[in-house]
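The structure appears right after this line, and notes come after that.
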């Protein structure tokens, strides 16, 4: 039993809430805690990555400076950053549900891509048949459904057979990515183009842009999704049930909850939001899916959700900066010749420093007691 | 598809199955020891990739395949040392750190490869093969079973050695105790953290060797992200093998056959897209998990960091 408690992602959350409930925690220690488990890891991760940049002969100050300038201090860059937030926000919503309910959904890449392909396959065909808003609604709904369907096998295996979902979701993710590519090449291919890609949704039929900017309104829906998920998980009885399952499945069973059904619900919701994420990228920005396209945002969002302690508002703030990093590094790949793979190094450093911050905090609190 | 059962097809199927199985076999054997000792080693994909990169780099620079394998082992060990310090010594969450190390190895190898070779992918010379007169000349199975690189036979030897180690030695018992009941092992005077560190390092070495085989013998070159989930399949093999090295061998051959269908079907001139064929090993994994998932037996303290005196 202890094993389940310690390995599931919800246990990190338990540590946090235990600290909140400690009572007369002074403001200073709350600040200190924030520095140790949030700011500290971020700073440390950037420093660690800077060392790696120096190893390959790049001046980290130039690189980081370029990213800031490109993504936050230029009008167009800022608009691109805001637009890129949409799919990342939906993914955060997906992971917040899963992690709070104690489920490791590591298959978001597959769910994301299949959602994207289904949205790209249907929406262009419906233009002219249905009114514009209905086209988008159908695209998003189908994406959510397909994303959720792709998690059924891991969900059933976890709920009724107790098979570890880390492996099953990862395997389904590999399968989903390949299936998405196959579908684009064989089934949904646009006959009018030579490169294998789906039909393209005309710009006019995509999600409207905000005011006079190039920012896609997908951003708004992403924000709404994260906030709704946050409220659902923290303020509703359904959310409480999911969190109970995450914190201690055996206790939840004793309390009369149907753990298998709640597990299925968690998978369905989490994977559904991952599907929506794919649709938001297609119906908002790209308009079509090219064969072998895979931005692989799924695993990269994990450290953000952990850093935010599964809190919706925290996740939004972090997604903003992460989105800026992505936009900046894409441009840096072309201008400075640093491949985009560098963001992987940064994300990895973030995960490791996050763990270390958690460790330092844990030991400090132990000493105080 | 009429050419499906020709000698060329069958021969390339057998050869491909073995070439594809060896990296997974090595990774699976490595992961098995970690899991026995109570560490769920998600970072194995990263260890394999680092092994592939280092193995290729050393072999490329020194023109020696054997030094390449040593490089691969060292590459895997580097990632494993990080895993051992963070997850065993400090007791950090094994899944968070495991994902972190995998992503880190992916990014780091792609970055280093880019700055060393830019966009070129230099090839290694084709390795010389073991040649057993008589046996190697057998039709169909001859070249595939008896004409492999020596490392293949060393991997098979490792299966036997590990099986004996787990069954017959104190070390094997200690490993199992560290995974099933670390507190009891501690009370009995065993060194829980020490044995777990050993297991994680062994995993790194095996995964690194598997990665080096994948790059140097399987492909003859290094491409970023080339492991493509082979390490994760190694985890599945270890899960399903219920602690038995022989089952890892059988599983890796089955998945190797699924993987090798890719090349074999191309030899046969089939026009199925490679994406579909690449799905086969993962589909096989899911099928096996659906059928036998319930029987996957894992140590009871798997995934939990051991802290003395903690409840």
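The values are calculated or read from the model by the stated rules, or taken from the named source; none is laboratory data. Keep in mind the model is a prediction, meaning the values are calculated, not measured. FYI the Cβ positions are ideal-geometry reconstructions off the backbone, even for glycines, and counts take in every protein chain you see.
In table form, for the structure just shown:
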item	result
Of all residues making up the stretch A:188-199, the number that are touching a residue at least 12 places away in the same chain (Cβ under 8 Å) and part of a loop (DSSP other than H, G, I, E, B)	5
Qualifying residue in the stretch A:325-339 (condition: without any contact (Cβ under 8 Å) to a residue 40 or more places away in the chain and either touching a strand residue (DSSP E or B) at 6+ places or on another chain (Cβ under 9 Å) or not in a helix (DSSP H, G or I) (or both))	yes
Residues within the stretch B:262-298 that are outside any helix (DSSP H, G or I), more than 7 Å from every other protein chain (Cβ to nearest Cβ), at pLDDT below 70 and in contact with a helix residue (DSSP H, G or I) (Cβ under 7 Å, 6 or more places away or on another chain), tallied	3
Only listed residue being farther than 30 Å from residue A:257 by Cβ, in the same structural domain as residue A:307 (by TED's automatic domain parsing) and assigned to a helix (DSSP H, G or I), chosen from A:81, A:122	A:122
Condition check for residue B:249: crowded, with 21+ Cβ neighbours inside 10 Å, at pLDDT 90 or above and closer than 21 Å to residue B:15 by Cβ	yes
The listed residue being more than 14 Å from chain B (Cβ to nearest Cβ), part of a helix (DSSP H, G or I), within 27 Å of residue A:159 (Cβ to Cβ) and within 16 Å of the chain's Cα centre (by Cα), out of A:306, A:267	A:267
The one condition in (1) part of a helix (DSSP H, G or I); (2) closer than 30 Å to residue B:228 by Cα; (3) away from chain B (no Cβ under 14 Å) that residue A:233 fails to fulfil	(2)
Set B:185, B:154, B:201: member being at pLDDT 95 or above and not in a loop (DSSP other than H, G, I, E, B)	B:201
Those residues of the stretch A:150-167 which are in contact (Cβ under 8 Å) with a residue 24 or more places away in the chain and crowded, with 17+ Cβ neighbours inside 10 Å, in sequence order	A:150, A:151, A:154, A:155, A:156, A:158, A:159, A:165, A:166
Residue within the stretch A:290-298 that is assigned to a helix (DSSP H, G or I) and either in the same structural domain as residue A:203 (by TED's automatic domain parsing) or under 21 Å from residue B:108 (Cα atoms) (or both) present	yes
Qualifying position, being over 14 Å from the mean Cα position of the chain (by Cα) and more than 14 Å from every other protein chain (Cβ to nearest Cβ), among B:183, B:205, B:215, B:199	B:199
Qualifying residue in the stretch A:219-232 (condition: farther than 18 Å from residue A:140 by Cβ, in contact with a helix residue (DSSP H, G or I) (Cβ under 6 Å, 6 or more places away or on another chain), buried (at least 21 other Cβ atoms within 10 Å of the Cβ) and assigned by TED's automatic domain parsing to the domain that holds residue A:111)	yes
Selection count, the stretch A:269-322, where residues are in contact with a strand residue (DSSP E or B) (Cβ under 7 Å, 6 or more places away or on another chain) and buried (at least 24 other Cβ atoms within 10 Å of the Cβ)	2
Answer from A:47, A:72 - the residue that is within 19 Å of residue A:319 (Cβ to Cβ) and either surrounded by fewer than 18 Cβ atoms within 10 Å (Cβ to Cβ) or in contact with a strand residue (DSSP E or B) (Cβ under 9 Å, 6 or more places away or on another chain) (or both)	A:72
Flag for residue A:301 being at pLDDT 85 or above and within 14 Å of chain B (Cβ to nearest Cβ)	yes
So residue B:162, is it part of a helix (DSSP H, G or I) and at pLDDT 90 or above	yes
Considering residues of the stretch B:229-253 that are part of a loop (DSSP other than H, G, I, E, B) and more than 12 Å from the chain's Cα centre (by Cα) only, the residue farthest from residue A:166 (Cα to Cα)	B:244
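Let's see how each residue does on (1) buried (at least 22 other Cβ atoms within 10 Å of the Cβ); (2) within 21 Å of residue B:120 (Cα to Cα); (3) within 14 Å of chain A (Cβ to nearest Cβ):
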{"residue": "B:58", "(1), (2), (3)": "yes, yes, no"}
{"residue": "B:68", "(1), (2), (3)": "yes, yes, no"}
{"residue": "B:76", "(1), (2), (3)": "yes, no, no"}
{"residue": "B:89", "(1), (2), (3)": "no, no, yes"}
{"residue": "B:92", "(1), (2), (3)": "yes, no, yes"}
{"residue": "B:97", "(1), (2), (3)": "yes, no, yes"}
{"residue": "B:103", "(1), (2), (3)": "yes, no, yes"}
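Let's see how each residue does on (1) within 14 Å of chain B (Cβ to nearest Cβ); (2) in a loop (DSSP other than H, G, I, E, B); (3) within 18 Å of the chain's Cα centre (by Cα):
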site	(1), (2), (3)
A:116	no, no, yes
A:133	no, no, no
A:145	no, no, yes
A:157	yes, no, no
A:177	yes, no, yes
A:182	yes, no, no
A:186	yes, no, no
A:201	no, yes, no
A:222	no, no, yes
